[in-house]
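The values are calculated or read from the model by the stated rules, or taken from the named source; none is laboratory data. As the structure is a computational prediction, the values presented were derived from the model and not from experiment. A quick note on method: Cβ atoms are made from the backbone with ideal geometry, for glycine too, and the neighbour counts reach across all protein chains shown.
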Amino acid sequence: MADTLPPFSGDTTTCPKCSHTQAVTRHKAAGEPGSRDPITFGRSPKGERLERECWRCDFVWDEALNPPVEEGEPDSAESPYFANLPDQP
């Protein structure tokens, strides 16, 4: 049974160790080892996840994938992703 990961904490997250407010986010595929995991020849038992790393103390933690904001076409002009982009000439 897979461990339940905490939800994605957003772009401005707080490190659980030192409370710094900046972290790097990396996508990790199912079976891919973490950045700080020891090197092994087998697959990692971890599932697909977002790996966060604090910029200050280098603490690493995993979070669940961020769910889509809306259902529908991801490249739709109505998507929140495109809301703040400048109009094209």
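For the range 64-74, state whether one or more residues are closer than 17 Å to residue 15 by Cα, at pLDDT 85 or above and either out of contact with any helix residue (DSSP H, G or I) (no Cβ under 8 Å at 6 or more places or on another chain) or small (Gly, Ala, Ser) (or both). Yes, that holds for at least one residue.
Count of the range 1-39 residues, restricted to those that are under 11 Å from residue 54 (Cα atoms) and either of a type in the set (Lys, Arg) or in contact (Cβ under 8 Å) with a residue 60 or more places away in the chain (or both), is 1. Name every residue in the range 3-44 that is of a type outside the set (Ser, Thr, Tyr) and either loosely packed, with under 10 Cβ neighbours inside 10 Å or on the phi > 0 side of the Ramachandran plot (or both), in order of residue number. Result: 3, 10, 11, 31, 38, 39, 41, 42.
Residues considered: 45, 38. Of these, the only one that is modelled with pLDDT of 80 or more and either assigned to a loop (DSSP other than H, G, I, E, B) or polar (S, T, N, Q) (or both) is 45. Taking the residues in the range 1-35 that are at pLDDT 85 or above, assigned to a loop (DSSP other than H, G, I, E, B) and among the hydroxyl-bearing types (Ser, Thr, Tyr) as candidates, determine which candidate is farthest from residue 67 (Cα to Cα). Only one residue fits best here, namely 19.
A Cβ distance below 9 Å, combined with a sequence gap of six or more or placement on separate chains, defines the contacts here; from the range 55-76, residues that are surrounded by fewer than 13 Cβ atoms within 10 Å (Cβ to Cβ) reach residues that are modelled with pLDDT of 60 or more and acidic (Asp, Glu) in the pairs 76/70.
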